[in-house]
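No value in this document is a laboratory result; all are computed from the given coordinates. In this text, all values refer to a predicted model and were calculated from it rather than measured experimentally. Glycine also receives a Cβ, built like all others from the backbone with ideal geometry; neighbour counts cover every protein chain displayed.
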Amino acid sequence: MVDVYLVGVGGQGIITASKIIGDAAILSGKKVVLSETHGMAQRGGSVVCTARIGDMSSALILDGQADVIVSFELLETLRALNKASGKTIVITSTEQIVPLSISTQKLHYPTLEEVRIEVGKVAKIFIQVDAPKLAEDSSVPKSSNIVMVGALAGTGVTGIERRHFEKAVEMNIPRWVPENLEAFAKGFQVAQGT
Amino acid sequence: MDRILEARPGSKILLLGNEAIARGALEAGVAVATTYPGTPASEIGDTLARVAKDAGIYFEYSINEIVATEMAIGAAASGVRAIVSMKHVGLNVASDALMTFAYTGTRGGFVLVTADDPSCHSSQNEQDNRYYALLGGIPLLEPSSAQECYDMTKEAFEISEKLELPVIVRTTTRVSHVRGPVVVGAIVPGAKKKEFVKDPMRFVTVPAVARARHLVLLQRLIEAEKLSEESHLNSIHNIGSGARLGIITSSAAFNYSMDAAAALESPVDILKLGFSHPLPSKKVIEFLKSHEVVAIVEELEPILETSVRALAQHESVRTKIVGKADGAFPRAYEFDQSIVAEGLAKAFNTRQGNASISSASPSALPVRPPVLCAGCPHSATYFAVNMAVGKKAVFASDIGCYTLGVAPPYNAADLLVCMGSSVGTAGGLALVNHQPVIAFIGDSTFFHAGIPGLINAVHHGHKFLLMILDNRTTAMTGHQPHPASDKGPSCCDITAVSMEDVVKGCGVKWLRVVDPYDVKLTTETVKEALKQAGISIIIARRECALIAKRDEQGAITKKHVIDQDACKKCRTCVDKFQCPAISSKDKVQNIDQSQCAGCSVCAQICPHKAIKGAE
């Protein structure tokens, strides 16, 4: 069984990413359950999706139980760390979406280095992905989420073959297929090289 | 074509629980589908709205849940199949119709889907709507996965027609918003038109008819219990063999029970109740008798627990029953595997199977609550109201994005209970308080439940200002249309209703319409409104910024920038106004160009004229 915990901010395409993981799992003949918490997320709140691949019934991931955390936003990586333990791979996008509380309450937004240190304290591996830049390079600026799915696929942890992920990308985003597959490949490469 | 329609019989597709309900309804040959949107139910309606035309069904976003239910009742009483969906609190609004419809019963299959929200992920309470099934004498199905959402919706129509009763399908957030593989069947179109067969002694519930029909309902419930006894939806799952321990459960709690039980050292049998009202008494008694200890695992209220205990008492069964009454399981918030594992350990007096791995407890992180978007017209309105009345007014708020105005810097909500309550509570607030009273209600919420309150206020002369925050859509739930919209679901033409006409028709004499992006005008209008002797209405009208951005008509002027030389670092734009595009770092304020919606409000409120349209 593989538990994938996806976090980020409303509008980053996290639900689409989770659907791609779900479709890829089905294509590869695996059991899968996904959940999403996004009540008021459209208004800039935190979003959490879970993808549990394997033979179980519950959709939720318990504290310390995530095999992979895929964080689409730097600060949200820290918020997700209660799901991490010594087995966890943490994939973090360097994208920063500064919440209003930083300005209004004069708080500190963490640096990439601070995040790396915090992740290092609990998790096994830290993979940093410059998703917005890689998305830009693949000529679909909005494909950061596909870059992150590519990185997840690149870790090999899910046990889902690359071609199933790619087919699932195509199924969920029928427009801009070559561009999105390029974004996927860039993320895949980053994870493979880490 | 849509995934919901194109999936072939026998194929396995990934569906959200709510989408699976929609597919199930289409396969059941539903003719009429209605809803009022609300999380976590919205995607049922949104999916059907999208495919209605291609599927050849009628769909509508009704004005509110009771009208949606009445629409479906009219259709089902005529003999076609109908489905109506809503969030849990929506059923409070619809319950008046449903309770008596159980007396008349239905001809065509009638399914009401209620999506409950344990833990209040996006709701004002976490009421347990299974009580409505008990209250009304209505059969209840509780799916626990996307596949079951699909299966049970189809089955609900069959049960409804067999018993001639409405059927409730009750989900929770973790059922409606869980995605999983669903093996689908064939979409078989059902009858769309009927000739109404008159039967007033059944369908017109004057007291004499109601008295007779109540007995019919009670008889039908006996038949319903027989169906429940035989139903494959109530099934036993053995984890290990020869178990002396048992679990009775339903809905999402079944999933957690399966995983928690698998981690126990002793074998456990699970009685899963998918058809949970009427309770299959014989099956439950038999299960109790064949186990020494039985834990009742259900989220929220101890409904199964109370019924099972009553059955055990009635049948003199001595099996130990453990549940919420023993403190093994909590009565608030949603469950997960570890809560159920802990409860089972208490109930069975065993060691917990897989204690959760200890993990990092995150230190205090900057919070990221949902906020009003960049360019949100509500933000502009609240700023203007703050300017006009300061903190001295009492604010009656309502359900929608604008409820977020409760947070600083606006603090624009003092009382909120339910849809439409701003208008009614404002009357009571104005009656007994010395402060001025301002009620805020969204456009969709105004149509939903604000109109009777408004007529009441006019009629009784209550003095307050009602501000209708009209962003031309039902924004919070995903931009569904409402009665003033000019574009509806795929199937049908609609007529836009004029909000001004409605307000005037309610008897209102003082009405102004403002563009909240004009801060000065809005502020002055609020001041003027509060001077009126009776009720005053301001419609603050400006399209939702998300829609404006999507349709690329966002920037009414152009994106804005801060001229750092002119900026006096007074922080008005971050402390008194709230815009996600404006940030402050090292005492310097900046506008994120990718987020700026071009509303120009910040430029209007800057005391030093330091914010300007970008070149």
Of all chymotrypsin sites (Phe, Trp or Tyr not before Pro) in segment B:443-502, which ones are in loop regions per DSSP and have a Cβ with at most 16 other Cβ atoms within 10 Å?
none
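Kindly identify segment B:467-615 as rounded, prolate or oblate by the Cα gyration tensor criterion: order the square roots of the eigenvalues as a ≥ b ≥ c, call it rounded if a/c is under 1.5, otherwise compare a/b with b/c, prolate if a/b is larger, else oblate.
Details: a/c = 3.03, a/b = 1.49, b/c = 2.04.
Oblate, since a/c reaches 1.5 and b/c is not below a/b.
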Set B:Lys53/B:Lys192; B:Lys392/B:Lys463; B:Lys558/B:Lys587; A:Lys142/B:Lys585; B:Lys392/B:Lys527, cut-off 23 Å on Cα-Cα distance; pairs above it are B:Lys558/B:Lys587; A:Lys142/B:Lys585
Contact order normalised by residue count of chain B, Cα under 8 Å, 6+ apart, percent:
11
Specify the angular offset, from 0 to 90 degrees and rounded to the nearest 10, of the alpha carbon long axis of helix B:421-432 from the longest principal axis of the alpha carbons in chain B.
60
Rh_Kirkwood(segment B:97-180) over Cα pairs, Å, one decimal, evaluates to 13.2
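Based on alpha-carbon positions alone, could you give the equivalent ellipsoid semi-axes of segment B:9-163 from the gyration tensor, as √(5λ), descending, whole Å?
On the way: eigenvalues 82, 72, 46 Å².
Equivalent-ellipsoid dimensions as semi-axes: 20, 19, 15 Å.
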Near the amide H of B:Ile539, under 5 Å away, which other amide H atoms are found, from residues 5 or more places off or on another chain, if H is placed in the peptide plane?
B:Ile468, B:Arg512, B:Val513, B:Val514
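Fewest to most neighbouring Cβ within 10 Å: what's the order for A:Glu76, B:Glu155, A:Glu114, B:Glu543? Please report the intermediate quantities before stating the final value.
Working: A:Glu76 27, B:Glu155 23, A:Glu114 13, B:Glu543 18.
With the sparsest Cβ surroundings first, the list reads A:Glu114, B:Glu543, B:Glu155, A:Glu76.
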Using the Cα gyration tensor of segment B:560-613, with a ≥ b ≥ c the square roots of its eigenvalues, what is the shape: rounded (a/c below 1.5), prolate (a/b larger than b/c) or oblate (neither)?
rounded
Which of A:Ile125, A:Ile117, A:Ile14 moves the most in a Gaussian network model of chain A with Cα springs under 10 Å?
A:Ile117
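About the Cα centre of segment B:377-544, what is the dipole size in debye to 20, counting +1 per Lys and Arg Cβ and -1 per Asp and Glu Cβ, all else neutral? Walk me through the numbers before you get to the answer.
Working: 13 positive and 13 negative charges, 103 e Å.
That gives a dipole near 500 debye.
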Using only Cα atoms, figure out Rg for chain B and give it as a multiple of 2.2 N^0.38 Å.
1.07
Range of Cα positions in the protein assembly as shown per principal axis (Å), largest first
82, 72, 50
From the phi of every residue in segment B:537-551, what ³J(HN,Hα) in whole Hz does the Karplus formula 6.51 cos²θ - 1.76 cosθ + 1.60 yield, where θ is phi - 60° and glycine or proline is x?
10, 10, 9, 9, 10, 6, 4, 3, 4, 5, 6, 4, 5, 4, 8
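Ratio of segment B:299-429's C-alpha Rg to 2.2 N^0.38 Å, to two decimals? Numbers along the way, then the final one.
Details: Rg = 23.9 Å, N = 131, 2.2 N^0.38 = 14.0 Å.
Normalised Cα radius of gyration, segment B:299-429: 1.70.
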Cα centroids of segment B:267-328 and segment A:122-182: how far apart, whole angstrom?
47
Amide H to amide H, which residues 5 or more places from B:Val322 or on other chains are under 5 Å from it, using H placed in the peptide plane?
B:Val294, B:Ala295, B:Ile296
When B:Ser241, B:Ser251 are ordered from fewest to most other Cβ atoms inside 10 Å of their Cβ, what list results?
B:Ser241, B:Ser251
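Using only the Cα atoms, what convex hull volume per residue in Å³ does segment A:41-186 have? Mind dumping the intermediate values first?
On the way: hull volume 19.0 nm³, N = 146.
In segment A:41-186, the Cα hull volume divided by residue count equals 130 Å³.
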Given H placed 1.01 Å from N in the peptide plane, which residues other than close sequence neighbours of A:Val129 have an amide H under 5 Å from its amide H?
A:Thr92, A:Ser93, A:Thr94
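Give the order of A:Phe188, B:Phe383 when sorted by the count of other beta carbons within 10 angstrom, beginning with the fewest. Walk me through the numbers on the way to the answer.
Numbers: A:Phe188 23, B:Phe383 27.
Ordered by Cβ neighbours within 10 Å, fewest first: A:Phe188, B:Phe383.
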Classify segment B:234-348 from the C-alpha gyration tensor, please: rounded if a/c falls under 1.5, else prolate or oblate depending on whether a/b exceeds b/c.
rounded
Tally Lys/Arg at +1 and Asp/Glu at -1 over every other residue whose Cβ is under 10 Å from the Cβ of A:Ile89; what's the total?
+1
Karplus couplings for segment A:104-116 from phi (6.51 cos²θ - 1.76 cosθ + 1.60, θ = phi - 60°), rounded to Hz, Gly and Pro as x?
6, 9, 6, 9, 9, 8, x, 7, 4, 5, 4, 5, 4
Calc'd 3J(HN,Hα), segment B:51-65, phi into Karplus 6.51 cos²θ - 1.76 cosθ + 1.60 (θ = phi - 60°), Hz, glycine/Pro = x, comes to 9, 3, 5, 5, 7, x, 10, 9, 10, 9, 7, 6, 5, 7, 6
How compact is segment B:273-317 by the rule of thumb for globular proteins, expressed as Cα Rg over 2.2 N^0.38 Å?
1.08
Considering only DSSP states other than H, G, I, E and B, which trypsin sites (Lys or Arg not before Pro) in segment B:146-213 qualify as loop sites with at most 15 other Cβ atoms within 10 Å?
B:Lys192, B:Lys193, B:Lys194, B:Lys198
How long are the semi-axes of the equivalent ellipsoid of segment B:377-544, defined as square roots of 5 times the Cα gyration tensor eigenvalues? Whole Å, largest first.
24, 18, 15
